[in-house]
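The structure appears right after this line, and notes come after that.
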Amino acid sequence: MANKYNVQEVESKIREFWEKKKIYKFDKKRKGEIYSIDTPPPTVSGKMHIGHSFSYSQQDFIARFNRMKGNVFYPFGTDDNGLPTERLIEKTKKVKSKNMSRAEFIKLCLKTLKEITPDFIDDWKKLGISCDYDIYYSTIDENSRKISQNSFLELYGKELVYKKEFPTLWCPDCQTAIAQAELEDKEENSLFSTLKFKVMSSSSEENSKNAEDLKNAKANTILIATTRPELLSACVAVFVNPKDKRYKKLVGKKAKVPLFDFEVPILEDESADMEKGTGVLMICSYGDRFDVDAINRHKLDAKLVLGKDGKILDGDYEGLKVKQARKQVLEDLDKAGLIVDKKEISHVVNVHDKCGNCIEFLTTEQWFIKILDKKNELIKQGKKIKWYPEYMFKRYENWVNGLEWDWSISRERHFGIPIPVWYCDDCNEIILADKKELPVDPLQIKKKCPKCKKNAKGEEKVLDTWATSSLTPQIASNIVKGDVKLPYSLRPQAHDIIRTWAFYTIIKSLYHENKIPWDNVMVSGFVTLKGEKMSKSKGNVIQPQEVLENYGADALRFWAASSKLGEDLDYQEKDLITGKKFINKLINASRFVFMNLEDFNGKRPKKLEVIDELFLVKVDELIKSVTERFENYEYSKAKMEVEKFFWNMFCDNYLEIVKKRIYQNKKGKESAQYALYNGLLNVLKLIAPIMPFITEEIYQTYFKKNEKDESIHLSEWPVVSLLLKGNKDSKIAENSKFDKLIDIIVKVRQKKSDNKKSMNSEIVLHISKKEYDEIGDMIEDLKDVTNAVEVKEGRFKVEFVE
RNA sequence: GGGCCUAUAAGCUAGUGGCAAACUGACUCGUUUACACCGAGUAUUCCCAGGUUCGAUCCCUGGUAGGCCCACCA
């Protein structure tokens with residue numbers, strides 16, 4: 001091994017070795033239970049970002065640990081069927097999906113994906129993510145399309161999918177329906193305007209044909225505050241609270257909508273908050289979700305004023321976008337003297353998570369999956385899964401409890417998996433695709449209505465990307481022909497998509513297989529920079545490619561292992577440096593160990609020196625603890641324990657203790673060699689899941705000739721019994737002797753330091769009789785490490801030899 | 001407004017019902033058979049208040065601050 005460690009060189013050499021030898025190939029015949037991982041397919045976005053490198057490292061620790069304990073199924077996929085991909089293609093290819101035919105655009109998407117995906121995946125390989133990249137899926141490939149469309153058909157058959165015309169969440173910018181889970185909050189400044197509505201003293205007998213009378217009637221005025229004056233023309237009612245005495249007498253009368261001069265009923269409804277605004281609430285179709293509820297409740301007729309493009313449909317404001325219309329309406333109201341008060345407020349509005357634009361409610365025909373009547377069952381499923389950290393289950397539960405709509409799965413997009421249905425032009429019959437023809441694009445295939453034999457029209461909508469990515473376990477299983485079944489062992493993911501990916505996957509596997517999708521979920525946090533979430537807009541982005549270039553994958557992974565599961569981690573350059581130092585130390589210690597192992601035959605000597613045996617007991621304790629840590633997904637503690645042990649126990653103490661014995665060919669040399677060899681090998685194995693490159697490099701350089709396994713990552717996870725033989729209790733008792741020895745060494749070092757002497761200055765050491773008796777069989781070692789010419793009984797004292 | 005998480009040294013983090021700890025940084029010292037990307041040593045600390053307890057940084061209650069999710073959108 002070269003003296004100077006060239007990270008780039010070594011890591012790419014090791015990577016090539018892994019690929020050539022197919023170290024991470026899934027082989028179901030390999031012994032050991034299969035630990036299956038539902039790998040998150042990253043959205044193809046050009047480059048891996050730091051958050052990816054963080055969370056994928058964390059799942060890889062677990063994957064590698066389990067590979068050494070048995071067998072691992074670890075596929076890789078990319079998510080590339082939705083809006084983000086459309087946007088990426090539009091941006092990189094400088095095209096507008098809207099201006100292209102669907103077939104043309106899809107062709108371009110697929111072609112571009114083919115170009116960019118390999119480079120994209122390469123970043124994962126460079127990080128040392130140990131997936132079997134041959135078990136690969138894309139959420140737009142044939143297998144995925146087939147499974148996704150099949151899921152749709154199956155759920156339709158079970159009456160869990162339905163189509164309905166309903167006011168749904170709509171993004172005017174993306175021009176598609178969206179799901180509740182795709183909403184995000186955004187703080188926005190708005191003008192909160194108080195408008196004058198005339199109250200007509202109409203009774204039930206009177207109506208508008210007596211216009212003359214009404215005009216003469218004594219017209220009261222009520223004030224209504226709103227942030228959405230552009231929806232005035234869609235006003236369908238005015239609500240007051242039944243308990244509100246101020247407005248009691250108005251109930252049953254009609255209010256005249258300012259500017260538009262039509263009348264709407266004044267109704268009592270609990271939802272009107274007496275404290276808010278003027279206590280009077282106007283209901284428009286549709287300002288928000290409460291308008292939707294209110295209109296349904298009172299069976300009011302909705303008015304359609306907004307088009308799918310977010311523009312006003314007709315009237316004086318036709319063609320204006322929501323915000324323009326708002327401005328114009330306000331100006332006109334102002335001119336007419338209908339505004340009593342205006343104030344600037346800051347409030348939170350719902351925006352689409354993909355584009356950040358305000359959502360609207362539009363009545364459109366959409367496909368839904370039933371979930372509202374299954375809340376309890378879905379929570380029950382969630383409870384069967386083990387969540388790491390445990391409290392993440394709460395987030396899931398809260399989300400399920402707070403659901404208000406069924407899952408809207410259809411999207412008005414070009415690029416996506418088509419919904420496999422046709423509609424008869426004549427009788428509107430829904431014609432389903434045949435399972436055998438999947439995957440299918442209904443726009444490409446002509447069908448006839450089985451009833452009236454007329455031509456049927458293909459559905460233009462596509463499935464939302466979550467409708468497909470919620471099937472990743474089934475998609476991956478299908479690649480290996482069902483060798484891996486649900487439930488998987490593990491779903492790794494970040495906490496922001498509990499309400500989407502985790503939730504939807506749980507729904508699908510409940511509906512399709514009546515199972516939980518996985519036994520365990522491990523939830524990663526985010527990467528922050530100085531406490532702030534990284535984002536391109538803030539410009540505080542760290543590129544993992546640069547980190548890999550400067551420090552290497554092992555150091556990056558070492559950093560990623562320093563945060564507890566579920567917790568956000570602040571990016572700190574110094575952590576990378578610490579990782580790099582640790583790598584260096586591993587290299588140097590290994591070189592030193594093997595410098596002294598040239599005449600070592602690999603066999604266990606008949607008798608181990610006490611100190612060596614005790615050291616190996618320490619290693620055993622470490623193995624036991626680290627194994628438990630990994631089993632509980634506590635990789636950060638595992639890392640910390642190995643790091644600490646290696647640096648302090650192994651290098652600073654044990655190596656120092658046995659140095660002289662080996663240099664000077666003293667008695668017990670073989671015993672020390674044996675302990676060094678096994679101690680180092682086990683430490684390497686314990687840290688291998690976290691730092692796969694350097695451990696492999698050291699294994700190949702020094703251990704391979706004696707060890708049977710082709711790669712350290714295919715070697716067996718260390719087991720405790722190796723060293724802890726015989727009476728366990730007595731070993732532990734003796735073990736405290738080891739600690740005692742360390743205590744004395746520390747005290748001697750302190751004395752030397754106090755006296756400004758070098759660590760290898762010669763001394764005569766005095767220790768108490770009790771100590772002397774206790775560590776009696778290790779006196780030679782004590783002499784070696786403290787450079788004492790003599791150890792005497794008596795009060796503790798360090799005498800310096802001139 | 002509801003739920004959840006977090007609060008420990010200058011920084012980042014472990015940890016425990018009984019002398020509070022690692023790493024980085026600071027300071028002092030040392031370095032000739034792995035490593036100066038090293039070794040040894042020193043200093044500094046448990047958010048606030050109340051309770052349980054012989055004893056609380058840890059458990060309980062309340063508060064404060066920060067983060068996340070949800071609700072609020074007239």
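The values are calculated or read from the model by the stated rules, or taken from the named source; none is laboratory data. Since the model is a prediction, treat every value here as computed from it, not as a measurement. So basically every Cβ, Gly included, is an ideal-geometry build from the backbone, and we count neighbours across all protein chains shown. We work out accessible area using only protein heavy atoms, side chains counted, and drop any ligands, DNA or RNA first. Shrake-Rupley method; radii C 1.70, N 1.55, O 1.52, S 1.80 Å.
Worth a mention:
- Separation of the residue A:92 and residue A:12 label points, Cα + 7 Å toward Cβ, nm: 2.2
- Accessible area of chain A belonging to carbon and sulfur atoms, whole % at 1.4 Å probe: 48
- Placing +1 on each Lys and Arg Cβ and -1 on each Asp and Glu Cβ, with no other charges, gives the range A:661-716 a dipole about its Cα centre of roughly 500 debye.
- For chain A, the solvent-accessible area of protein heavy atoms averages 46 Å² per residue (probe radius 1.4 Å; ligands and nucleic acids excluded).
- Options A:741, A:693, A:760, ranked by Cα towards positive dipole end of the range A:621-775, top entry (Cβ charges): A:760
- Ellipticity estimate at 222 nm from DSSP helix runs (n ≥ 4, -39,500 (n - 2.57)) divided over chain A, nearest 500: -12000 deg cm²/dmol
- Theoretical FRET efficiency, 1/(1+(r/R0)^6), r = Cβ-Cβ of residue A:754 and residue A:293, R0 56 Å, to 0.05: 0.10
- Against the main long axis of the alpha-carbon atoms of chain A, helix A:50-69 sits at an angle near 50°.
- Dipole of chain A, positive end: most advanced residue of A:183, A:675, A:258 [Cβ charges, Cα centre]: A:675
- The long axis of helix A:83-93 is offset from the longest Cα principal axis of chain A by roughly 80 degrees.
- Between the range A:6-31 and the range A:415-476, the Cα center-to-center distance that results, in Å: 42
- Packing rank of A:374-384, A:709-719, where each peptide gets the mean count of other beta carbons within 10 Å, highest leading: A:709-719, A:374-384
- In the range A:749-802, the trypsin sites (Lys or Arg not before Pro) that fall in loop regions by DSSP, at most 16 other Cβ within 10 Å: A:756, A:757, A:795
- Cut-off under 5 Å, modelled amide H: who pairs with residue A:519 long-range: A:488, A:489, A:490
- Dividing the radius of gyration of the alpha carbons in the range A:591-692 by their Kirkwood radius gives 1.00 for Rg/Rh.
- Neighbour cut-off at most 14 other Cβ (10 Å), DSSP loop, trypsin sites (Lys or Arg not before Pro), the range A:22-95: A:22, A:25, A:28, A:29, A:30, A:31, A:47, A:94
- J(HN,Hα) series, the range A:396-411, from Karplus relation 6.51 cos²θ - 1.76 cosθ + 1.60, nearest Hz, glycine and proline x: 4, 4, 4, 5, 4, 4, x, 5, 10, 10, 5, 7, 7, 10, 9, 9
- Of all DSSP beta bridges confined to chain A, the antiparallel ones make up roughly 70%.
- Dipole in debye (nearest 20) - the range A:447-598, about Cα centre, beta carbon charges: Lys, Arg +1; Asp, Glu -1: 1080
- Rounded to the nearest Hz, the phi-derived 3J(HN,Hα) couplings of the range A:242-259 under the Karplus curve 6.51 cos²θ - 1.76 cosθ + 1.60 (θ = phi - 60°) are x, 8, 7, 5, 4, 10, 3, 6, 8, 4, x, 7, 10, 10, 9, 6, x, 6, where x marks glycine and proline.
- Cross-link table A:581/A:624; A:639/A:659; A:91/A:164; A:386/A:533; A:22/A:93, entries beyond 29 Å C-alpha to C-alpha: A:91/A:164; A:22/A:93
- Extension gain, residue A:220-residue A:660: 0.36 nm per intervening residue step, less the Cα-Cα distance, totals 148.1 nm.
- Computed from the C-beta positions of residue A:436 and residue A:631, the FRET efficiency with R₀ = 41 Å rounds to 0.35.
- At full extension, residue A:789 and residue A:355 could sit 148.7 nm farther apart than now, given 0.36 nm per residue minus the alpha carbon distance.
- Cross-link partners of residue A:704 among aspartates and glutamates (Cα-Cα below 12 Å; sequence separation of 8 or more within a chain): A:696
- Cα gyration tensor shape for the range A:39-78, rounded if a/c is under 1.5, else prolate or oblate: oblate
- Residues whose amide H comes within less than 5 Å of that of residue A:568, counting only those at least five positions distant or on another chain, are A:526 (H built at 1.01 Å from N in the peptide plane).
- Between helix A:669-687 and chain A: long-axis angle, C-alpha atoms, 0 to 90°, nearest 10: 0
- Charge dipole of chain A (Cα centre as origin; +1 on each Lys and Arg Cβ, -1 on each Asp and Glu Cβ, all else neutral): 1020 debye, rounded to the nearest 20.
- Dipole-positive endmost among A:615, A:95, A:431 within chain A (Cβ charges, Cα centre): A:615
- Residues whose amide H lies under 5 Å from that of residue A:421, counting only those 5 or more places away or on a different chain, are A:459; hydrogens are built 1.01 Å from N in the peptide plane.
- When only alpha carbons of chain A are considered, Rg and Dmax amount to 35.4, 122 Å.
- Trypsin sites (Lys or Arg not before Pro) within the range A:577-625, DSSP loop, no more than 14 other Cβ atoms inside 10 Å: A:603, A:606, A:607
- Note that the range A:168-181 has calculated 3J(HN,Hα) couplings of 10, 4, 9, 9, x, 6, 7, 6, 8, 6, 9, 9, 3, 5 Hz, one per residue in order, obtained from phi through the Karplus relation 6.51 cos²θ - 1.76 cosθ + 1.60 (θ = phi - 60°); glycine and proline are x.
- One decimal place: the segment residue A:318-residue A:301 gains 4.0 nm when fully extended, by the rule 0.36 nm per residue minus the C-alpha distance.
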